[in-house]
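Undergrad: Have a look at this one before I ask anything.
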Amino acid sequence: MSVALASSSIPSSTSQGPLRVMVVDDSVVIRGMISRWIGSEPDMVVAASLRTGLEAVNQLDRVNPDVAVLDIEMPELDGIAALPRLLAKKKNLVIIMASTLTRRNAEISFKALSLGAADYIPKPESTREAGAADIFHHDLIQKIRTLGGKARRVGHVAPMHAPPMHAPASPTVVPIPEHRQHVVRPAAVPAAASAPAAHGSGAGLARRAFSSQMPKVLLIGSSTGGPQALMSVVTDLGPVIDRFPVLITQHMPPTFTTILAEHLGRSSRRPAHEAVDGEPVKAGRIYLAPGGRHMKVARHGTDTVIVLDNGPPVNFCKPAVDPLFSSATEIWQGATLALILTGMGSDGMRGGKEIVAAGGSVIAQDEATSVVWGMPGAAANAGICSAILPLNQIAPKLVRLFAGDRS
């Protein structure tokens, strides 16, 4: 799975000084590598380099880190056991789980998210693997900077209040890097009656009127913080799923998407699976873009079918949200309704512009409930949203819209 790398701008230093990062891994090679990377960044410093979760718990008060990069498999006390103990001692600690790519570790990473970890990152199977270390390096630094920076600004990165994610049984993997964490402020889409401001952050941003057409499909794009947000939304989305297809692109690699689809099925109590190339799109089902493939839709006779694309990354991601959004406008035009949830970067904004230009509607998650207000913030600042809502208001709003409410 190829991922394009991009340079990241360095935020200006704050009065609090550089971000303090605690590296916890039983591999001296990995600890040394990550410590060198952090040490070369002007806005972060290695606060401690430790071998076990027990050392991390015992030294937390002395080290006082802003961010912990926590391995899963370690002696004495592994990452999943250390996680709640670390958060009990310092609730605003940003914990990024790191693991090698096994099915078990992928499932543990999901469990860690429900226990309060801010994010996860896969370690390359071999640091000699061409490009693997570079991707790991870039993605890790971006996550530390973005999540650690937000925690400093707002006090902490609040975990999503989503249903517990119990480990199911199927395949695993590595998250696609989600680069360009800044909120992009592109030019707004032309005209359209503006609607009253919705509840949630984003006050003062223009709102567009919802489409006059009844929506026939729900498209969802998400990234960092997305699994928990998706779980929360689909739990109360039964009336929509029963009558309309739901297509989701979450920035995530192959085995993780398999597991996520199982969790979505359990939370929604509706059929959910990784999309299959050529399968018809039907009401009553959730289709998830498989890791490493862009998901699109196309006409095949009288049917709308899934098209999986193995092309290059879009917005540095594969799967990406924009290809799904763009292709949907050709099928459903103004009956397209898109939701952009928490995530780094601006993926979904360009596709969202196309949806609005075709007469459809876009909803974004608000800043206060987003782990990272990159993707939804880009859409909100582009002026393409008909509503900017807190996470707990999104499902009820969708149910009303698909029942005929146009306000």
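The values are calculated or read from the model by the stated rules, or taken from the named source; none is laboratory data. Just so we're clear, the structure is a prediction, and the values are computed from it rather than from any experiment. With ideal geometry, Cβ positions are generated from the backbone for all residues, glycine too; neighbour counts draw on all protein chains shown.
Undergrad: Could you list, in sequence order, all residues of the range 99-114 that are farther than 15 Å from GLY226 by Cα and either touching a Gly at 6+ places or on another chain (Cβ under 9 Å) or modelled with pLDDT of 85 or more (or both)?
TA: Narrowing the range 99-114 to residues farther than 15 Å from GLY226 by Cα: 99-108.
Within the range 99-114, SER99, GLU107, ILE108 meet the criteria.
Residue by residue, here is whether (1) in the same structural domain as PRO254 (by TED's automatic domain parsing); (2) crowded, with 21+ Cβ neighbours inside 10 Å holds:
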residue	(1), (2)
VAL307	yes, no
VAL314	yes, no
LEU324	yes, yes
ALA338	yes, yes
GLU354	yes, no
GLY359	yes, no
ALA382	yes, yes
CYS385	yes, yes
SER407	no, no
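Undergrad: In the range 364-377, is there at least one residue being under 21 Å from GLY238 (Cα atoms) and crowded, with 20+ Cβ neighbours inside 10 Å?
TA: Within the range 364-377 (the criterion being under 21 Å from GLY238 (Cα atoms) and crowded, with 20+ Cβ neighbours inside 10 Å), the answer is yes, since at least one residue qualifies.
Undergrad: Here's something else I'd like to know. Considering only residues that are touching a Pro at 6+ places or on another chain (Cβ under 9 Å) and not in a helix (DSSP H, G or I), which ones fall in the range 100-116?
TA: The answer is THR100, LEU101, LEU115, GLY116.
Undergrad: Okay, moving on. Say whether the condition of being in contact (Cβ under 8 Å) with a residue 60 or more places away in the chain and under 25 Å from THR235 (Cβ atoms) is met by at least one residue in the range 303-313.
TA: Within the range 303-313, not a single residue is in contact (Cβ under 8 Å) with a residue 60 or more places away in the chain and under 25 Å from THR235 (Cβ atoms).
Table: residues versus (1) in contact with a Ser or Thr (Cβ under 9 Å, 6 or more places away or on another chain); (2) part of a helix (DSSP H, G or I); (3) under 16 Å from SER326 (Cβ atoms); (4) free of Cβ contacts under 8 Å to residues at least 60 places away in the same chain.
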| position | (1), (2), (3), (4) |
| --- | --- |
| THR249 | yes, no, yes, no |
| LEU260 | no, yes, no, no |
| SER267 | yes, yes, no, no |
| ALA283 | no, no, no, yes |
| TYR287 | no, no, no, yes |
| GLY292 | yes, no, no, no |
| ALA298 | yes, no, yes, yes |
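Undergrad: Also, I was wondering about something else. Under 9 Å between Cβ atoms, which residue pairs at least 6 apart in sequence (or on different chains) link something in the range 316-333 that is among the acidic types (Asp, Glu) with a partner that is surrounded by fewer than 21 Cβ atoms within 10 Å (Cβ to Cβ) and not in a helix (DSSP H, G or I)?
TA: ASP322/VAL314; GLU330/ALA298; GLU330/ARG299; GLU330/ALA358
Undergrad: So in the range 74-89, with the set limited to residues that are of a type outside the set (A, V, I, L, M, F, W, C) and surrounded by 17 or more Cβ atoms within 10 Å (Cβ to Cβ), which one is farthest from VAL371 (Cα to Cα)?
TA: Among residues in the range 74-89 that are of a type outside the set (A, V, I, L, M, F, W, C) and surrounded by 17 or more Cβ atoms within 10 Å (Cβ to Cβ), the one farthest from VAL371 (Cα to Cα) is ASP78.
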